[in-house]
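Presented below is the structure to which this report refers.
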Amino acid sequence: MRLTIRAILIALIAPFAVSIAATKEPKSATPAYITAALNEPARKDDAANDERRKAAAVMDFAKVKPGEKVMELVPGSGYWTRLFSAVVGPKGHVYTVWPKEMEKYSAKSLANWETLIKTAPYTNVSLLQQPAASLSAPGGVCGAS
């Protein structure tokens with residue numbers, strides 16, 4: 001009798017257990033190209049901030065892939081630019097845009113950027129200065145038609 005009751009309980013509970021297990025979202029693995037970008041030797045100084053800035057999750061959310069073109073507005077210190085550069089790789093391009101209206105506030109940063117974009121592996125990064133009201137990148141960027 002006990003065996004029958006157990007069998008009936010298992011038969012009743014099993015479909016629910018399977019449906020509960022099926023509704024759990026699987027953890028998505030970080031794509032290999034993002035992991036490679038995070039481990040880019042040229043970014044060794046940035047690596048200490050990757051966890052705090054949730055870099056892998058942000059790059060995965062942004063859906064930026066190797067070979068694509070990206071536009072970054074006011075790149076600041078360049079943390080994200082260096083990561084975008086590593087993700088899009090040598091066949092992609094990162095356009096960093098400093099609006100003309102910020103010229104008086106960004107002179108030092110602009111000088112740093114002019115040096116950065118001439119240094120490997122960041123030769124796939126361009127510095128653009130243009131009015132904020134008319135942002136554009138040569139040939140379009142991700143998400144643009």
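Per-structure values
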item	result
Paramagnetic label zone (point 7 Å from Cα along Cα-to-C-beta, residue 130; backbone N under 16 Å) in the stretch 51-79	69-75
In sequence order, calculated HN-Hα J values of the stretch 105-110 (Karplus, 6.51, -1.76, 1.60; Hz; x Gly/Pro)	9, 10, 4, 5, 4, 4
Amide H within-cut-off set for residue 71, under 5 Å, with H built and near neighbours excluded	95, 142
FRET efficiency, residue 60 to residue 100 (Cβ-Cβ, R0 41 Å, nearest 0.05)	0.80
Karplus-derived HN-Hα couplings along the stretch 59-67 (A = 6.51, B = -1.76, C = 1.60, θ = phi - 60°), whole Hz, x at Gly and Pro	5, 5, 5, 5, 6, 6, 10, x, x
Cross-link pairs 44/118; 44/69; 69/104; 44/104; 44/108; 69/100 - those with Cα-Cα distance over 26 Å	69/104; 44/104
Per residue, the convex hull volume that the Cα atoms of the stretch 66-128 enclose (Å³)	61
Cα pair distances of the stretch 29-134 binned at 10 Å [whole percent]	15, 48, 30, 7, 0
Cβ charges +1 (Lys, Arg) and -1 (Asp, Glu), total dipole of the stretch 29-134, debye	60
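Only the coordinates and a few stated rules stand behind these numbers; no lab work does. Since this is a predicted model, take the numbers as computed values, not measurements. We place every Cβ from the backbone using ideal geometry, glycine too, and count neighbours over all the protein chains shown.
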